[in-house]
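Please treat every number below as a calculation from the coordinates, not as lab data. Since the structure is predicted, the reported quantities are computational estimates derived from the model, not experimental observations. Methodologically, a virtual Cβ is constructed for each residue, glycine included, from the backbone with ideal geometry; neighbour enumeration extends over all protein chains shown.
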C-alpha cells in the first residue's frame, strides 16, 4: 500500500471516525469544532494526492488498492482514481470546510447529529468517486441518501418531511433499477463466451460490455439511466429536486448541488456511456432532447419564482441539462465541457446557496417580494451575490462560461453531416446545430432570470420583512467567518474561468479514452485526439494573450 | 440407519433438553425453575456444534444439513434470549406476593418445551428425505407455535390470534398433505430421492404436477406467502413480540426448506435450468403478488407489529425469486445459485427481524402492555439510545440499504434472478424494495428523527434484560457480518449443492444397492466438478 493510498483511505475513514466520535460524545451540542478541524485537515491529504498524481497518465487508475470483501459475490473493496475522479474528490473535500463553516449559526439544535452525518456524507462522497468496483460504487452511491435524508428531515424547513421522503424514494427507486442493470452487465461478462468470470472490476467490465447486443444495451442503458437521470436530475425526473433543495438546510443544499447531483452525471460518464456505448450512441439525440427540454423548461420556471432558493434549485436543473447535453454529444469537447461543468456548477451554485442561506439566517424568508434591495444594507453580501450570479450566468472570465460554451460547441460538432464531410472537429452522436441553438436559448434565459433575481434582491429600494430585527450573533453584513467560507468558492470560480485549460489538460486522457471506446464500439473511425490540439491552441493563445480574459473563449471555441 | 442417526444428533440433544425443560419448568424451587432457559441455551449450543460436524447425506441437497441446522440453532439462540421471561412474569409476581407456587397454573415448563419442540421440528425439516417425515417435521414445527401464541400473553387477543392461526394452519397442513398424497400417488414412493428419480425417468404426470402445485400452495402458509398470507398480521399482533419474532423466522425457514425439497423432486434441471413451466408460473405469480401485497398493505399500517407482519410477507416474496431461479447449473458459482441466496437471506432475515422484535419486546406501557403503535417508538433514539439504534440499524438492513447485511442478501437474490433470466421479476423486486422504503423509512424517521419532546410517548423499558441483549447482538451481527460476510456466504453456497436425479432404469427401485453405488459415483463426480470449478 503506497503512501498515497493511505491518504486516499484517510479521506474516507477519518471522517467516519470523527463522525463516530461526535456521535458518541456526551454533549448534544458539540460537533462544530471537530468537524471544522477535520474538514480543514482533510485538505492536506487531498492536495498531497493532487501533487503526487501523474497527470500525464490521467486515464490510468492511480493509487489503487483492492482487498477482497465478499469473494462469492466478487465484491472487492477496491479504490483508486483517474484524473476525473481526482478532481471530483477534490471538489467534495473542498466543499467540506465550507459547509461546516456555513452551518455554525444556522444549526442551533442537535449539533451532534448534524455534524456527525455531515462527516459521514463526506466519507461517502469520496467513496463514490474513488470506487473501482461496481458494487462498491453502488454501495457508496446509495449510502449518500441516508445522511442527506437525515439532514433534510431533521434540519430542513417547514415542508421537510415530504421533501425528505420524496428525495429518498425517487433516488432509491431509480437506483434499484440501476442495480439490476449493473448486475445484468456483470452476468453478461461472466458468460463463458465473454470473460467467463464473475468480476465487478469496472475497467474489466468496460472491455466486454460493448459486446452486448443492441437490445441488451438498450435495456441496460434504460436501467442505469433510471438511477442516474433521477439523480442529475434530467427532465422529467426532476420534480424531487426543487422541493429537496428548498427544504434542505444551507449546507445540505450546497452539498446536494455541489456534489450529489454530479453523482448522476458522473454515473452517466463512468458507467452508462462505457457500459452501453452502442445504445447510448443510438439514443443520444433523445437524451439530448430531454436535457434541452430541461434547460428551457426549468429556466422558464425560474423566471416566475419568487422563492429565491427554489429559483436557484430550478436553475440547477437547467444547468445540469447542459452537462448532460455535453455527455450526449459523445465527443471530446462535450465530455470535457461536461466534466468542467460538474466542477464549476458545484462552485457557483454552491456559492449561490450559501448566499441565500446567509440571507435567510438574517431575514428568515426566501421570498423576493418581502425582502430586497439589500445592496444598500449589506454591500459585501450583495457583491458576492452578484459575483456568483454572474458565474452562474456564464460571464466570460468566470467558471460558468468555458464549460457552458464547450457543451454548446460539442452539440454543433456532433453533427452527422459535418462529420461525414470530414469537417475538422466534427464528430460524435448526431445532434447538430439545432440542438445547440435551442440549448443556447437556455443561456439567455439563465441571464434573464438570474439578473432579474439579482436586480430584485440586491438593488432597488430596501425592502425588509415587517417583523425584522437584527440577528443576535450575526452582524448586519457578512461576518468574517462567512467571508472566509465564500472566498474559496469565489477564488475557484475565477481560477476555473481564467485557466480552464489547466483542467482540460488534466482530464484530456480519460476523456479521449472514453471517446475512443465509444468510437470503437460503434465501429467508427477513430477521430484524432482533438482535445490535445485544443489544448495546444489554448496554450498558444494563453502565451500570446495579453489579458487572460480573452483566451478562454477563443481557446474553447477555436475548435 | 447409522447414517441417518449421524445427522440427527442435534435433534436428539434438543429433544433430551425438551424433556428436561418440562420438568424443571414446573419445579417448586425458584432456583431450579430459573435454570429452564439455561438448559435450552446449553442444548442449542450443543446442537450447534453437533450440527457443525454433521456428515453429508445422499440426496438432492447432500450438504444442506450442517448449514441449515447451525443457522437454526444460531437464530434460535437469539429467539431464546427474546423469549426468556415472556410467560412467567405473572406467576413470579404471585409467588413474590406470597402465593404458593402451583405447577398447574404455571405454564413456564410447557412454554420452553414448545419452543424446543418447534426448533427440533425445524431441524428435522432440514434433514427430511421423505414426504411423511417432512409432513411430521413441518407439523412439529407449527403445532407448538399455535399454543405459544395462545399462552404468550394474558390478553384475549392472543387467544383469538391462536385460534385463527390454528385453523388456517390446519387448512394449510391439510392442503399440502393432500398434495403429498397426490405426489405419492404419481411416483409410488414417499422417499424424495426416489420421487425425483421417478420424475426424472418418466416425467411428471399430471397427477404429480397437481400434487406439487397443491403442496406448494399449502406450504405457502408456512412462509406467509399469497394466497395463504391472511393470518399473518392478526397473529403477529395478537402474539407477544418475542413469539411473533419466532413466528417470523421458524415457520418461514421450515417452509422454505420444505419448498426446496418438494421442488427439488421436480428438479430445476429438466427444463434447461428452470422448473417445469407450471410450477415456475405458479411461483412467479406467487412471488410477484406476495411482494406487492405485503409491501403495499404495510404502507397502510400504524401498528409496528402489523408492519413487520406485512414486511415478513414481502420478504417471503423476495425469497421466492431465489426459489424460481433455482441452483443454476451444477457446480455453478454463488451468484447464479438461487438456493444459496435463499439460505443466506434466511440468515440475514432471521437476524434483522429478531432485532426489530427485540426492540418492541423491550418496551412496554405503564400497565405492562407491549409497545405496538408506531407512536410508541417515537424519539426512541433519544429516550433509549441502545434500543433506538438497534431498531434503526435492523430496519435499514431490512430495507436492504447498502452496505448492511440485508443488502448483501438482496444482491444474492438479484444476481441469481438475473442469471436465471427472470428480468421482469427482478424489476418487480426492485420496485417493491422502493415501496418498502416508504414504511421502513417511516419507522427509522419516527424512532430517530421526528422527535418532538411533546409528543414523545410514556413508554418504559420492560424488565427483561436478555431481550435488550438479543437486540444488541442482532444489531451488531448486522453490522459485523457485513464485513465478514464471506464465510457465511460461502457456507450458504456449499449448503446449496444440488444433485439432480438422473433418469435411470424404471425398475431401479428394486436395486437399492446398485442405486446407491450409482448415486455415490454421481455425487463424487459432482463434487469433483465443483472443486474444479472453484
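One table, with the values for the structure above:
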item: Taking the C-alpha atoms of chain B, convex hull volume expressed per residue in Å³; result: 129 Å³
item: Peptide A:167-177, shielding by other chains (average Cβ, 10 Å cutoff); result: 5
item: Globularity ratio of region B:375-458, using Cα Rg and 2.2 N^0.38 Å; result: 1.34
item: For chain B: relative contact order, % (alpha-carbon pairs under 8 angstrom, 6 or more apart); result: 16 percent
item: Relative contact order of region A:161-557, pairs being alpha-carbon contacts under 8 Å that are 6 or more residues apart, as %; result: 17 percent
item: Spin-label model distance (nm) - residue A:68 vs residue A:16, 7 Å beyond Cα toward Cβ; result: 2.0 nm
item: Projected-area average for region B:263-308 over all orientations - Cα convex hull basis, square nanometres; result: 4.0 nm²
item: Efficiency of FRET between residue A:476 and residue A:108 - r from beta-carbon atoms, R0 30 angstrom, step 0.05; result: 0.90
item: Tail beyond 21 Å, pair distance distribution of region B:20-99 (Cα, percent); result: 44 percent
item: Acute angle (nearest 10 degrees) that the helix B:423-444 long axis makes with the longest principal axis of chain B, alpha-carbon atoms; result: 10 degrees
item: Shielding of A:106-116 by partner chains, average beta-carbon count, 10 Å; result: 1
item: Of every Cα-Cα pair in the protein assembly as shown, the percent that sits beyond 54 Å; result: 24 percent
item: Paramagnetic label zone (point 7 Å from Cα along Cα-to-C-beta, residue A:2; backbone N under 14 Å) in region A:38-69; result: A:48-66
item: P(r) histogram, all alpha-carbon pairs of chain A included - 10 Å bins from 0, percent; result: 4, 19, 30, 28, 14, 4, 1, 0
item: Angle between chain B longest axis and helix B:192-202 axis [Cα atoms, degrees, rounded to 10]; result: 40 degrees
item: Ranked packing of A:11-22, B:434-445, A:207-218, most packed first, by mean Cβ within 10 Å; result: B:434-445, A:11-22, A:207-218
item: Convex hull of Cα atoms in region A:194-345, direction-averaged projection (nm²); result: 9.3 nm²
item: Average other protein chain Cβ within 10 Å of Cβ, residues B:476-488; result: 2
item: Efficiency of FRET between residue A:44 and residue B:31 - r from beta-carbon atoms, R0 51 angstrom, step 0.05; result: 0.25
item: Cα-projected label distance for residue B:96 with residue A:197, points at 7 Å along beta-carbon direction, nm; result: 6.4 nm
item: Rounded if a/c under 1.5, otherwise prolate or oblate - region B:308-404, Cα gyration tensor axes; result: prolate
item: Packing-based order for B:181-189, B:463-471, A:121-129, using average beta carbon neighbours within 10 Å, highest first; result: A:121-129, B:463-471, B:181-189
item: Region B:39-197: C-alpha gyration tensor shape, a/c 1.5 cut-off, then a/b vs b/c; result: oblate
item: Prolate/oblate/rounded label for region A:145-191 (Cα gyration tensor, a/c 1.5); result: prolate
item: Extension gain, residue B:19 back to residue B:53 (0.36 nm per residue minus Cα-Cα distance, nm); result: 9.8 nm
item: For region A:286-414, the fraction of alpha-carbon pairs in successive 5 Å shells from zero, as %; result: 2, 12, 19, 22, 18, 12, 8, 5, 3, 1
item: In degrees, nearest ten, helix B:385-399 long axis to first principal axis of chain B (Cα); result: 30 degrees
